[in-house]
Amino acid sequence: APLSLPAELRRRLDCRLLPLLSGGYLMSVIDRSNLAYAELQMRDDLSLSQSSFGLAAGVFFLSYCAAQVPTCALVSKLGARRVLAATMLAWGLCSAATALVRTRGQLLLLRFLLGFPEAGFYPAAILTLSLWYPDTSRSRASTLFTLCATRGP
């Protein structure tokens, strides 16, 4: 017989784990698109051409894609909890450092560096869900987690 969670335990997981992971996922979606909102002011402040700004927006995805497989291996080796903690810390530091950018090169570097920690969030979150929720509840939890992305910009 398939394993199912007692109602009280599922409610506690839904109230404690899902909001934390979903909030992180929402921040991830916002963080990927926030550069577009800053474009007009930032292009003037940093004297960026449209192509330079496009490069800054796109360089993020180079590191994000390059880090996907190594990050998944890291998650399986170190565990989701450690990778989530390290990811969130590095991600926050990179995002905060973006406020200090004064040159095109600094913006390119920070956007490139930001892709690495963001690449680790989703695999670690999915692994966390798969460890805490049995098969019978996992699809519901994964759906609630993923639906959070629709609340982003």
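Structure data summary
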| read-out | value |
| --- | --- |
| Subset of region 29-53 (residues that are in a helix (DSSP H, G or I) and farther than 30 Å from PHE145 by Cα) | LEU40, GLN41, MET42, ARG43, ASP44, ASP45, LEU46, GLN50, SER51, SER52, PHE53 |
| Residues (among the charged types (D, E, K, R) and part of a helix (DSSP H, G or I)) located in region 100-153 | ARG104, ARG111, GLU118, ASP135, ARG138, ARG140, ARG151 |
| Set VAL69, VAL75, VAL59: member being among the β-branched types (Val, Ile, Thr), over 12 Å from the mean Cα position of the chain (by Cα) and under 20 Å from LEU20 (Cβ atoms) | VAL75 |
| First in region 133-145 and more than 19 Å from LEU26 (Cα to Cα), second anywhere and small (Gly, Ala, Ser) and open to solvent by 10 Å² or more (accessible area, probe 1.4 Å), Cβ under 6 Å, 6 or more apart | THR136/SER4 |
| The one condition in (1) free of Cβ contacts under 8 Å to residues at least 60 places away in the same chain; (2) open to solvent by less than 20 Å² (accessible area, probe 1.4 Å); (3) of a type in the set (S, T, N, Q); (4) over 16 Å from SER28 (Cα atoms) that THR128 fails to fulfil | (1) |
| Test: residue in region 92-101 that is under 22 Å from CYS148 (Cα atoms), open to solvent by 40 Å² or more (accessible area, probe 1.4 Å) and either in contact with a Lys or Arg (Cβ under 9 Å, 6 or more places away or on another chain) or among the hydrophobic types (A, V, I, L, M, F, W, C) (or both) | no |
| Qualifying residue in region 84-99 (condition: at pLDDT 85 or above, β-branched (Val, Ile, Thr) and more than 18 Å from the chain's Cα centre (by Cα)) | no |
| Residue check for ARG16: charged (D, E, K, R) and modelled with pLDDT under 85 | no |
| Residue count for region 35-73, restricted to those that are within 20 Å of ARG104 (Cβ to Cβ) and surrounded by fewer than 14 Cβ atoms within 10 Å (Cβ to Cβ) | 14 |
| Selected residue (only one of PHE145, PHE116 is crowded, with 19+ Cβ neighbours inside 10 Å, among the aromatic types (Phe, Trp, Tyr) and closer than 20 Å to LEU55 by Cα) | PHE116 |
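The values are calculated or read from the model by the stated rules, or taken from the named source; none is laboratory data. Nothing here was measured: the structure is a model prediction, and the numbers come from that model. So basically every Cβ, Gly included, is an ideal-geometry build from the backbone, and we count neighbours across all protein chains shown. Protein only, heavy atoms only, side chains kept; ligands, DNA and RNA dropped before computing areas. Shrake-Rupley method; radii C 1.70, N 1.55, O 1.52, S 1.80 Å.
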